[in-house]
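To keep things clear, I will list the structure first and then write my remarks on it.
The values are calculated or read from the model by the stated rules, or taken from the named source; none is laboratory data. Please read all numbers here as calculations on a predicted model, not as lab measurements. All Cβ positions, even for glycine, are placed from backbone atoms using ideal geometry, and neighbour counts span all protein chains on display. Keep in mind that these areas ignore ligands, DNA and RNA; they rest on the heavy atoms of the full protein, side chains included. Shrake-Rupley method; radii C 1.70, N 1.55, O 1.52, S 1.80 Å.
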Amino acid sequence: YFLDKSDKYDSRDVERLQQDDKWVENYLIWRHDVVDDTLKMIDESFQWRKEYTVNDLTETVLPKWLFENGSLFLHGYDKEGYKLFWFRVKLHIKDQKQQLEKKKLVAFWLEHYAKRDHGKPLTVVFDMAETGISHIDLDFVRFIVNCFTDYYPNFLTKIVIFEMPWIMNAAFKIVKGWLGPDAISMLKFTNKNDVQEYISGEYLPPHMGGTDSFKYSYPPLVDDDFQTPLCENGPITSEDEHESKEEIDADAKETGDLNEEQNLNQKKMNSIEQISKSEESDKTEFKPKNAKKALTTFKGPLLHISPAEELYFGSKETGEKKCLIVLTNVTKNTVAFKVRTTAPEKYRVKPSNSSCEPGTSLDIIVSLHGGFAASLQDRFLIMAAEMDQSSGSGVPELSQFWKEVPRTKVMEHRLRCHVIESSKPSTLTLKENAFNIPAKTNEDLHIQLTHLLQINKRLQEQIDRCLWFQQLSVVLSLLSVTIVAFCFYLAYTQRS
């Protein structure tokens, strides 16, 4: 494919394909590990990506009215923790002159999210409330469907269709024909009574029976509604204020011990480039109680962030309420950072707005507040920007710095929350805590289950072939015996 059609591909896509194993794996999973089908999908999607200049789609190259319209946007999460991609059908009017630009808007949002959240799958919501004949645009719907079935592999979890008018039943029978059997099983037709089976009320607007007060507007781009955590660096005022102050004092003491230990360890790190895993696990005794040390690291241009993707909390039964985020400054200047969350009422983050000196590491303690429990929908955003040497690092200086720093110079990284259930035996949980082994994510389990199903399917096919050959062999054997018997019979009758 590369030799014959190299001029039809974007060289950046080819380079990514050669380096990004996860991307290749998603193509294989989506095409059930059939290599020829996978190659065909890659070929078609790469040609499409170049035709639509996907790698160069930005806010500046698309008309502003497309974003202001609000028919397409990302907001909220379903009950499994997957991002929601909203298509408000009543705001879409069929117009052939604008069709290409609207399709590029779809590609923009998908590529924007894929780069931001490392390709974690989406849930598509077709909000069809108050729609009629004028809103039916099968060509546009087909394009959205094709994006998930042909261009973005393993990127779709389900399609939630809310209050589809009866007049559109015939149209969606056509849509089903485009989806194929795998995608058809992802269709979920809902109304006010059952939509919360898939999406909780906190991310549903009132007309869908939810409590989400979110109102779309542009600019800026709709994000995850990250807000400053409940306890930034100051006092707490809440019902359990007394208890909270005690926790803060204890945490401050732990943090002081931790920083002192860090200073000692920093000198050792300068002379030893690699530390064995056993030595690393020994150091976890200095971390906050129940905090997990991450085994993965996101390597950004300003900060290395550990863990790379998920914070592990316990359920109400397990009681694990604290996590640790380690930031390492890899620049030659001071880096300012701040931490925000989609659930500010649940979490305390200390420190949540500070700075990190060149070449040093800093620990951020994230703890659940009061009786709250972590959920898959919760997210954290770490923002970082390089400061001038002349800039101060006090609270007023940092506040002014964040007001003035250009958005293009801000590094952003997002972390998901993962809840460890208490269904495991206690001994197993203790062993996992001791060796700091993170539990598998839903996505990992989904991938493993998909692989098992594919292997089972191949085995079933082999068994079916064996049975077919066995039946054929029996028939041929019986036929041979019959022919031989008939020959003996002829020979016998001729002699007699």
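Worth a mention:
- Residue that is nearest to LYS332 (Cα to Cα), among those in the stretch 383-436 that are touching a strand residue (DSSP E or B) at 6+ places or on another chain (Cβ under 7 Å), modelled with pLDDT of 80 or more and open to solvent by 60 Å² or more (accessible area, probe 1.4 Å): GLU386
- Residue in the stretch 355-382 that is nearest to ASN329 (Cα to Cα), counting only those that are assigned to a strand (DSSP E or B) and open to solvent by 30 Å² or more (accessible area, probe 1.4 Å): SER361
- Taking the stretch 149-164 as the range and being within 12 Å of MET186 (Cβ to Cβ) and in a strand (DSSP E or B) as the test, the residues that pass are LEU156, THR157, LYS158, ILE159, VAL160, ILE161.
- Of all the numbered requirements in (1) in the same structural domain as ASN154 (by the TED database); (2) out of contact with any helix residue (DSSP H, G or I) (no Cβ under 9 Å at 6 or more places or on another chain); (3) surrounded by fewer than 16 Cβ atoms within 10 Å (Cβ to Cβ), TRP86 misses one, and that requirement is (3).
- Any chance GLU80 is in a loop (DSSP other than H, G, I, E, B), among the acidic types (Asp, Glu) and either in contact with a Phe, Trp or Tyr (Cβ under 7 Å, 6 or more places away or on another chain) or open to solvent by 60 Å² or more (accessible area, probe 1.4 Å) (or both): yes
- Pairs with Cβ under 6 Å, 6+ apart, first in the stretch 131-153 and over 20 Å from ILE93 (Cα atoms), second modelled with pLDDT of 80 or more and of a type in the set (Lys, Arg): none
- Tabulated pairs, the stretch 7-25, first closer than 10 Å to LYS50 by Cβ and assigned to a helix (DSSP H, G or I), second open to solvent by less than 100 Å² (accessible area, probe 1.4 Å) and among the charged types (D, E, K, R), C-beta under 8 angstrom, 6+ apart or interchain: LYS8/LYS50; ASP13/ARG49; ASP13/LYS50
- Residue tally, condition out of contact with any strand residue (DSSP E or B) (no Cβ under 9 Å at 6 or more places or on another chain) and open to solvent by 10 Å² or more (accessible area, probe 1.4 Å), over the stretch 145-161: 4
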